[in-house]
Amino acid sequence: MSEKELSDVRADLQERYNQFKARGLKLNMARGKPETEQLQLSMGMLDALNSASDLYASTGDDCRNYGMPYGLPEMRELFSHMMGVDASNIIAGGNSSLNMMFDTVSCGVTHGFSGCLPWGRQGAVKFLCPSPGYDRHFAVTEYFGFELITVPMLPTGPDMDVVEKLVSNDELVKGIWCVPKYSNPTGITYSDETVRRFAALKPAAKDFRIFWDNAYCVHDLTDTPDQLLNLWLECKKNGTEDLPVFFVSTSKISFPGAGVAALGASDNNLAVLKKHFSYETIGPDKLNQLRHLYFFKDYDGILEQMKKHRKLLAPKFKAVANKLESELGGKGVACWTNPNGGYFISVDVLNGCAKRVVSLCKEAGVTLTNAGATFPYGKDPNDSNIRVAPTYPPVDELEVAMDLFCICVQLAAAEKLLNK
Ligand code: PMP
């Protein structure tokens, strides 16, 4: 386009933007929260447990009382299907997997793994952060004072050439954050080769750990769901089962904040973690675990629930994809992911434009995840990545919000090209 043409386009976009602004919208696409209708799908859970229910576990333990610090055997069995880890290597815990990740990092910092000095006493320790990634992961290790190292995310997962190099050369690299299926925010699933390379890692640090957060393990949205290779089994083949620690929760299956979380790990790692947890809590909320068991019954029950979620969520993802394609397709101002599941779509706008897009949207009443949030320290070196969370607004609102978003992406691009 000539400068004149570009100027005209910008004027037109500005006009459309002003019209949006005048509408006084108040929409939120910032965090991956389910909408009310999706929460309604789990309401039966609140009736599944009452004073007439059998409140004894298969072990004979009374779930109303202390005991069973690693959770109900039935719950660990259910998680075993979700996590692909032996039930005996799983702890069914409280309401939050992020909490269990925080505790695991905390345990490494104060007490250490594999008989090594605690991470907190080894100097300037580092953690690998595949980016774009999950801001709360990065925040945990930032909080504990790790140096955060950005690793590029590829369509196959973290760039394993970079991971292998960093891990095998530097004893101060202690771990890596991974969301292996329907990654937050790109929605990609790690390839078989990536998983095999993780299982075959030869870290310089004996106490290096892979934080394998499979938060979206059953969150399929299409008839052709992604398949993730089982890291636990691959590690067993390689004799590297001390490398990973697995996490999962039902937050995005039942109720966020009132679900059940789990951690899976090798016998060696569990010995360390169980000791740590034994000082921290007398045991988890087993009544909530019972409630989940009575409602879902088994793994098939979970998959049935996810089919119902899909009915609500798939149209939302489609609405976003359609808008991106129809408004931005072929214009060279953005590229985006089209995931088969999970909770997010990742959009890359022109370098230097993400912050501007987010603030334009905000001024016109649409809140997005802060630009930069998907990178360590909240700083996207290219200022180009934006996480779109389509799960909360209803489809009609989502379409309006995406219309505005697409105008803002183009307006920011026009401003950049006109050097304003
Ligand atoms: N991991 C990932 C990748 C997430 O996206 C989220 C929630 N958005 C969580 C963990 C938090 O899970 P929980 O509620 O179990 O703490």
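The values are calculated or read from the model by the stated rules, or taken from the named source; none is laboratory data. These figures come from a predicted structure and were not determined experimentally. Quick reminder, even Gly has a Cβ in these numbers, built from the backbone with ideal geometry, and neighbours come from all protein chains shown. Just the protein is used for accessible areas: all its heavy atoms, side chains included, with ligands, DNA and RNA removed. Shrake-Rupley method; radii C 1.70, N 1.55, O 1.52, S 1.80 Å.
One residue is enough: does the stretch 139-161 have a residue meeting the conditions open to solvent by 40 Å² or more (accessible area, probe 1.4 Å), within 14 Å of the ligand (Cβ to nearest atom), in a helix (DSSP H, G or I) and free of Cβ contacts under 8 Å to residues at least 24 places away in the same chain? Checking the stretch 139-161: at least one residue is open to solvent by 40 Å² or more (accessible area, probe 1.4 Å), within 14 Å of the ligand (Cβ to nearest atom), in a helix (DSSP H, G or I) and free of Cβ contacts under 8 Å to residues at least 24 places away in the same chain. Among the criteria (1) out of contact with any strand residue (DSSP E or B) (no Cβ under 9 Å at 6 or more places or on another chain); (2) farther than 21 Å from Ser96 by Cα; (3) loosely packed, with under 15 Cβ neighbours inside 10 Å, the one Ile282 does not fulfil is (2). Residues in the stretch 109-128 that are aliphatic (A, V, I, L, M) and open to solvent by 50 Å² or more (accessible area, probe 1.4 Å): Leu117, Ala124.
Beta carbons closer than 7 Å, at least 6 apart along the sequence or on distinct chains, pair a first residue in the stretch 92-105 that is of a type outside the set (Gly, Ala, Ser) and more than 9 Å from the ligand (Cβ to nearest atom) with a second that is assigned to a helix (DSSP H, G or I) and open to solvent by 30 Å² or more (accessible area, probe 1.4 Å) for Asp103/His276; Asp103/Glu280.
If a residue has to be farther than 18 Å from Lys237 by Cα, under 20 Å from the mean Cα position of the chain (by Cα) and of a type in the set (A, V, I, L, M) to count, how many in the stretch 76-89 make the cut?
So the answer is 1.
Listed residues Thr194, Thr189; which is under 18 Å from Phe246 (Cα atoms), away from the ligand (no atom under 12 Å from the Cβ) and crowded, with 24+ Cβ neighbours inside 10 Å?
Numbers: Thr194 fails: crowded, with 24+ Cβ neighbours inside 10 Å.
Thr189 is the lone residue from the list that is under 18 Å from Phe246 (Cα atoms), away from the ligand (no atom under 12 Å from the Cβ) and crowded, with 24+ Cβ neighbours inside 10 Å.
Per the conditions (1) modelled with pLDDT of 95 or more; (2) more than 29 Å from Lys316 (Cβ to Cβ), the sole criterion not satisfied by Glu15 is (2). Candidates are the residues of the stretch 1-45 that are open to solvent by 90 Å² or more (accessible area, probe 1.4 Å), acidic (Asp, Glu) and touching a residue at least 24 places away in the same chain (Cβ under 8 Å); the one that is nearest to the ligand (Cβ to nearest atom) is Glu37.
Say we look at the stretch 237-258 and pick out the residues that are aliphatic (A, V, I, L, M) and not in a loop (DSSP other than H, G, I, E, B); which of these is farthest from the ligand (Cβ to nearest atom)? Spell out the reasoning first.
Just the residues of the stretch 237-258 that are aliphatic (A, V, I, L, M), to begin with: 243, 245, 248, 253, 258.
Still in the running and not in a loop (DSSP other than H, G, I, E, B): 245, 248.
Details: Val245: 13, Val248: 8 Å.
Going through the qualifying residues, I end up with Val245.
Among residues of the stretch 342-392 being farther than 21 Å from Lys33 by Cα and in contact with a Lys or Arg (Cβ under 7 Å, 6 or more places away or on another chain), the one that is surrounded by the fewest Cβ atoms within 10 Å (Cβ to Cβ) is Glu363.
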